[in-house]
Amino acid sequence: TPLDTNPDGTFTMSDLHAAVSADDQHMPRTRLVCLENSHGGHSGTAVPASFADAAGVLCAEHELVLHIDGARILNAAVALKVAPAELSRAAATVTLCLSKGLGAPVGSMATGTAAHMHSVRRWRKALGGGMRQAGVLAAAGLV
């Protein structure tokens, strides 16, 4: 369930808590929380690490996976003057886009625990993802 966000790209943890589905056989279970940093819906606002940390605590309490869509996480890290790892330390998985501010024509990367990455690779294949020789294109991001 998408949550309404504040102008700074955050929402309240009480709103997140309320959005977690109860264990009801008639409803799908909440299993995943996705955050975006920087937040594209708010003109690329860099969201502080404390927000993801708070979401990580709530996710742990409810046995949820926290994912950070970090397409522009390096931009957020520069804006906040912190290491990207600080912005993503609460997450089980993080993605990074190589074509948004890094100079590569295409490409994205995902990182996480071995178990989560196994699942990521299976879903990528199931949904038709994957390119041969993508490294040649992604190498442009090394500039």
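Nothing in this text is a laboratory measurement; each read-out follows from the coordinates by a stated rule. Everything quoted here is computed from the prediction, not taken from an experiment. Positions of Cβ are generated from backbone atoms using ideal geometry, with glycine treated the same way; all protein chains shown enter the neighbour counts.
Length gained on full extension, Arg122 to Asp8: 37.6 nm, using 0.36 nm per residue less the C-alpha separation.
Model label sites at Ala114 and Leu32, defined 7 Å from Cα along the beta-carbon direction, differ in position by 2.2 nm. With respect to the chain, whose longest principal axis is taken over its alpha-carbon atoms, helix 114-126 is tilted by about 70°.
Here the convex hull built on the C-alpha positions of segment 66-112 has a volume of 58 cubic angstrom per residue.
Site pair Glu86 and Thr1 shows an inter-label distance of 3.4 nm when each label is modelled 7 Å from Cα along Cα→Cβ.
The stretch between Ala18 and Ala79, if pulled fully straight at 0.36 nm per residue, gains 18.9 nm over its current Cα-Cα span. Within the chain, the percentage of alpha carbon pairs spaced more than 18 angstrom apart rounds to 61%.
Residues whose amide H lies under 5 Å from that of Ile68, counting only those 5 or more places away or on a different chain, are Leu35, Thr93, Val94, Thr95; hydrogens are built 1.01 Å from N in the peptide plane.
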